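Encoded as structure tokens, the structure appears first; notes follow it.
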Amino acid sequence: MARDDDRQVYEAGKAEPKWQRLWTEKGCFETGEGGERPASDRPTYYVLEMFPYPSGRIHMGHVRNYAMGDVVARAKSAQGFDVLHPMGWDAFGMPAENAAMERNSHPAKWTYANIDAMREQLKAMGLAIDWSREFATCDPEYYAQQQALFLDFLDADLLTRKSATVNWDPVDMTVLANEQVVDGRGWRSNAPVEKRELTQWFFRITDFAEELLEAIDTLDGWPEKVRVMQRNWIGKSRGIEIPFALTAPAAGIGAVDCYTTRPDTLRGASFLAISPEHPLSIALSEGNADIAAFRDECRLAGTSEEALEKAEKRGLDTGLSVVHPVYPEKTLPVWIGNFVLMDYGTGAVFGCPAHDQRDLDFARKYDLPVVNAFHMPGETADVGTEALVPAKTEEVVYTEHFAGLEKATSNAGIDTTIDWMEAKGLGKGQVRYRLRDWGLSRQRYWGCPIPVVHCDACGIVPEKKENLPVRLPDDVTFDRPGNPLERHATWKHTTCPACGKEATRETDTMDTFVDSSWYFARFCSPRAETPTDRAEVDRWLPVDQYIGGIEHAILHLLYSRFFARAMAKTGHLSPDSVEPFRALFTQGMVTHETYSRKVKTNEGVERDVFFTPDEVTRGEDGVMRDAAGEAVTVGPTIKMSKSKRNTIDPEEIIARFGADTARWFMLSDSPPERDVEWTEAGAEGAARHLQRVWRLVTEAADKLGDTRDPATGTSDLRKTTHRAIRAVTDDIAAFRFNKAVAQIYGLTNAVAGDRGDDPAALREAVETLILLMAPMTPHLAEEAWAALGHERMVVETPWPEADPALLKDDRIMMPVQVNGKKRAEIHVDADADKSVVEQAALAEDAIQKLLAGGSPKKVIVVPGRIVNVVL
RNA sequence: GCGGGCGUAGUCCAACGGUAGAGACAGAGGACUUAAAAUCCUUCCAGUGUGGGUUCGAAUCCCACCGCCCGCACCA
């Protein structure tokens, strides 16, 4: 039997490619740049999602991230902004080299193939992206400009070369990042990692520590969480450096400098602890087998978090002693402590057991004195097994008027002591930061070559700008570990840009974080012959809305903030753009249930075998089973990951339901900053809603015919429509996409329930519904818009405006409470006087009964909200 | 240890200090159907982690505790 409702099924598979093609043909999302198209006089809006690493396929996290950015881009565009919404590829990095090794191929080949595949996947999402600005950071055109920036930074003293300790993998013959060292071994080679001193390039980010810290206060469009993380990372501390003179110089060292933030506890100092890597420890170990052995032990101990947690606080008495700077009659023993870090402070601390738990544990263990520096007011008890560590804002009584102190907060005590000690020449007040300079040298091939030359005669010589880019050679092999640039037959042999003699190129490449520290600026003029075009960056930057994962809360964002400052210093950016991201939104992860079963291996060890969502089905009894019918355990809902096999492939979802469904579901229910759980039922529900909207539209289109009369009157449907406009507009602006979605459901229900007696109002409602949905489900919106008889596309249609007159009611219901409990309802004019409302409330039977003839103590009328009668 | 966040129907989530319910998922019943799917209609379900406090009124503000998540951390 032929079905007559065939047209009521919305076929995303047909509609989506069609509209994507039409958008592209019309260049709907291309943003004018300089000469290509005249810059519009509309206000600009730059929305950017963190660009992806081209791993090969997009994942659901990308879908969520880019769906959010697309909602913002499309809504802002409809609201009259000239929107810049670009996309590119963070394309350098190790996975490409690993893939090249595995396949005996070339990183570029793998990377560009991945980019092609992922571009198609992103295009299938129907994103409003200006693809004409696309670039990959591995494009020579991009890294040439990055090299130019490097040279300008070098010239402006924003870079330095110094020796640093790095993790060295002796098998892969490369430097490893801390994250790549697992339990002291290289994550790939599994070889024990060595510490090596290498001369490396550093960005002088620490010169900006104070500025980067202070400016955090201005980032009011950022999540508080990220601001706190950045503050902590910079880690400003104020303290004092105090030299402790050795009673007898040893190994040519006369004093040990200690840095402390708590000089007010100096009276309680009872020992000095120095790092095993401290110069004094090293010097002493030369002639002392015990010390040498202790140092070796410390070096071998794990540095993982877990190892540190469990590691015992151990020490070794050097036999040396120092003079207490404030009480010269006292001497303190010098210990080597395994808990003292060489790379924080001076690598030496004084131990104050009375007011530091770790020091107390150490003192008890090695039977060192415990001397109090202060006690709580009214108490004099000595410290037992717990150190006395009050909040710095609490008042304490300092012992023996140390530094002239008596009763003061520790904060005040610290200030006073620093001044007092400085005046006496006992130490020097200091501000320190935890932030370290950013080492950017990587002994890798697939990165941006550092454009300098090593010349025997001239030293380090920057490459000339006209010789840029220093290109990566194509003819490299990955059949051996190590850096192919190092062993390439000819690449590194060049001539000195200064003297013209034979010289060698730097074979290190840049950290990939460099690539992502300025790409947002490059998008403003991606083909410029200089890193930026000042007119363009001044027009677009700072980025109005940046969206990405919380995992980049520290490094990427901090580096970008540094880069913007460095680029401003070198004239590539306006000083007004030193904060590159006006607003930041960090979206939550996409999670899914896990499915597993315990399996015994041949060795008899139990381990979990995981199943993908495709491999399991829920039986009628509610039990999950694999293809063979065996039950599997439904595990916790966690971030989608390959190892737990709980991933859903966006491409399959788009093929099955369409991109709009995937987008809609991603934006529904969960607030965008929280994790969202992908469920089959949820996806089906989203698809059902889109079908319902399509059905309503096609039904309405029949009913409405060619009506073009503007809607008039104040019917409930019109009020619902205009309230939805207000709410959705506000919710999108505030990143409450889940609420915007809920509002749209409400409007949909209103349209579905309408009897159609006012065709103009119904048309207004349906058209509004489509326009409000358009940022989230753009294809369905276009298809529906066309079905309603429009010739202009939705992307060319302005955002609907709410009529203020329809946002308020004439008569409203107000609940009446008695002592905070609801007892009655009254209906009054919306603008009724308080006294009128009060009269009406008190006149209610239920209220009269409770009053029982008496009069209320108080009547509180909150206009438009509630009446509370207090008895 | 320090810091940040979150606890509301079976689930995901709403609720300027003002009637705990906008919305979705799931469930139940019904209509349509030979039946099912789809669709439509109706409907059940919590007093807001716990204990105090402030207030006319607290999910919301304050304090303490419990639980979960995240970040940093031998940081001197």
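The values are calculated or read from the model by the stated rules, or taken from the named source; none is laboratory data. The model shown is predicted, which means the values in this text are computed figures rather than measured ones. Glycine gets a Cβ as well: all are built from the backbone with ideal geometry, and neighbour counts include every protein chain shown. Surface areas here come from the heavy atoms of the whole protein model, side chains and all, with no ligands, DNA or RNA. Shrake-Rupley method; radii C 1.70, N 1.55, O 1.52, S 1.80 Å.
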Around A:Ile860 (Cβ within 13 Å, Cβ-to-Cβ, excluding A:Ile860; K/R +1, D/E -1) the net charge comes to +3
Mind giving me the nanometre distance, one decimal, between the label points for A:Lys123 and A:Cys458, set 7 Å out from Cα along Cα→Cβ?
4.6
Descending principal axes extents, the stretch A:526-628, alpha-carbon based, whole Å:
65, 36, 25
Under the 7 Å Cα-to-Cβ spin-label approximation, A:Glu699 and A:Val9 lie apart by a distance in nanometres of 1.9
Take the Cα radius of gyration of the stretch A:565-624 and divide it by 2.2 N^0.38 Å, with N its residue count; two decimals is plenty.
2.46
Go ahead and run the numbers for FRET between A:Asn104 and A:Arg618, Cβ-Cβ distance against an R0 of 56 Å, rounding to 0.05.
0.80
The stretch A:313-394: D in µm²/s via Stokes-Einstein (Kirkwood Rh, Cα pairs, 10 °C, 1.306 mPa s)?
113
Along the positive direction of the dipole of chain A (beta-carbon charges: Lys, Arg +1; Asp, Glu -1; about the Cα centre), which of A:Val623, A:Gln430, A:Thr399 reaches farthest?
A:Thr399
Report the calculated FRET efficiency for A:Glu194 and A:Ser641 (r = Cβ-Cβ distance, R0 = 35 Å), to the nearest 0.05.
0.70
Chain A, dipole about Cα centre (Lys/Arg Cβ +1, Asp/Glu Cβ -1), debye to the nearest 20:
540
If we count every other residue with Cβ under 9 angstrom of A:Trp168's Cβ, Lys/Arg +1 and Asp/Glu -1, where does the sum land?
0
Could you tell me which of rounded, prolate or oblate describes the stretch A:478-593, using a ≥ b ≥ c as the square roots of the eigenvalues of the alpha-carbon gyration tensor, with rounded for a/c under 1.5 and, failing that, prolate when a/b is larger than b/c and oblate otherwise?
oblate
In square nanometres, what is one fourth of the surface area of the convex hull spanned by the alpha carbons of the stretch A:87-184?
9.7
Can you pick out the pairs among A:Lys822/A:Lys857; A:Lys18/A:Lys109; A:Lys834/A:Lys858; A:Lys195/A:Lys236 whose Cα atoms lie more than 19 Å from each other?
A:Lys18/A:Lys109; A:Lys195/A:Lys236
Contact order relative to length of the stretch A:378-501, as percent, for alpha carbon pairs under 8 angstrom and 6 or more apart
15
Which semi-axes, in whole Å and largest first, does the equivalent ellipsoid of the stretch A:610-677 have when worked out from the alpha carbon gyration tensor as the square roots of 5 times its eigenvalues?
24, 15, 12
Taking the Kirkwood radius as the inverse of the mean 1/r across Cα pairs, report the Rg/Rh of chain A.
1.04
Using the charge dipole of chain A (Lys, Arg: +1 at Cβ; Asp, Glu: -1 at Cβ; taken about the Cα centre), state which of A:Ala498, A:Leu558, A:Pro575 has its Cα farthest towards the positive end.
A:Leu558
Output the 0 to 90 degree angle, nearest 10, between the alpha-carbon long axis of helix A:555-569 and the longest principal axis computed from the alpha carbons of chain A.
80
In cubic angstrom, how much convex hull volume per residue do the alpha carbon atoms of the stretch A:317-453 span?
211
Assuming 0.36 nm per residue, please report the length gained on full extension of the stretch A:Asn749 to A:Asp220 beyond their Cα-Cα distance.
186.7 nm
Accessible area of A:Arg656 in the full protein assembly, 1.4 Å probe (Å², nearest 10)
140
In whole percent, the Cα-Cα distances of the stretch A:393-441 spread across 5 Å bins from 0 upward as 5, 18, 20, 16, 13, 9, 6, 5, 4, 2, 1
How big is D for the stretch A:26-165, in µm² s⁻¹ as a whole number, if Stokes-Einstein is applied with the Kirkwood radius of its Cα pairs at 37 °C and 0.692 mPa s?
189
The stretch A:613-767: equivalent-ellipsoid semi-axes (sqrt of 5 x gyration tensor eigenvalues, Cα, Å):
39, 18, 12
Per residue, what volume in Å³ does the Cα convex hull of the stretch A:762-813 take up?
100
If unit charges are put on Cβ atoms (+1 for Lys and Arg, -1 for Asp and Glu) and the dipole of the stretch A:635-778 is taken about its Cα centre, the option from A:Thr637, A:Val741, A:Gly753 lying farthest towards the positive end turns out to be A:Thr637
Ordering A:Cys448, A:Cys499 by accessible area with a probe of 1.4 Å, largest first, what comes out?
A:Cys499, A:Cys448
Listed peptides A:212-222, A:742-752 by packing density, highest first (mean Cβ within 10 Å)
A:742-752, A:212-222
Stokes-Einstein diffusion coefficient of the stretch A:420-503, Kirkwood radius over Cα pairs, 20 °C, 1.002 mPa s, in µm²/s
130
May I ask you to evaluate 6.51 cos²θ - 1.76 cosθ + 1.60, the Karplus curve with θ = phi - 60°, for each residue of the stretch A:581-589 and list the ³J(HN,Hα) values in order in whole Hz, giving x for glycine and proline?
10, 5, 10, 10, 10, 10, 8, x, 8
Given the C-alpha centroids of the stretch A:389-452 and the stretch A:705-748, what is the distance between them in whole angstrom?
56
Looking at the stretch A:492-643 only, what percent of DSSP beta bridges run antiparallel? Nearest 5 please.
80
Mind putting together the pair-distance distribution for the stretch A:472-536? All Cα pairs, 5 Å bins, whole percent per bin, short to long.
3, 14, 15, 13, 14, 17, 16, 7, 1, 0
Rank these by accessible area, largest first, 1.4 Å probe: A:Lys858, A:Lys18.
A:Lys858, A:Lys18
A:Lys644 accessible area, assembled protein chains, probe 1.4 Å, Å²:
70
Could you tell me how far the Cα centroid of the stretch A:39-105 sits from the Cα centroid of the stretch A:122-140, in Å?
7
The local net charge around A:His493, scoring Lys/Arg +1 and Asp/Glu -1 for residues other than A:His493 whose Cβ lies under 15 Å from its Cβ, equals -1
Expressed in angstrom and ordered largest first, the alpha-carbon extents of the stretch A:718-842 along the principal axes are 57, 35, 23
Per residue and in cubic angstrom, what volume does the convex hull of the Cα atoms of the stretch A:216-269 have?
120
Which pairs in the list A:Lys330/A:Lys428; A:Lys598/A:Lys639; A:Lys600/A:Lys642; A:Lys365/A:Lys428 are over 26 Å apart, alpha-carbon to alpha-carbon?
A:Lys365/A:Lys428
Cα centroids of the stretch A:347-364 and the stretch A:475-526: how far apart, whole angstrom?
48
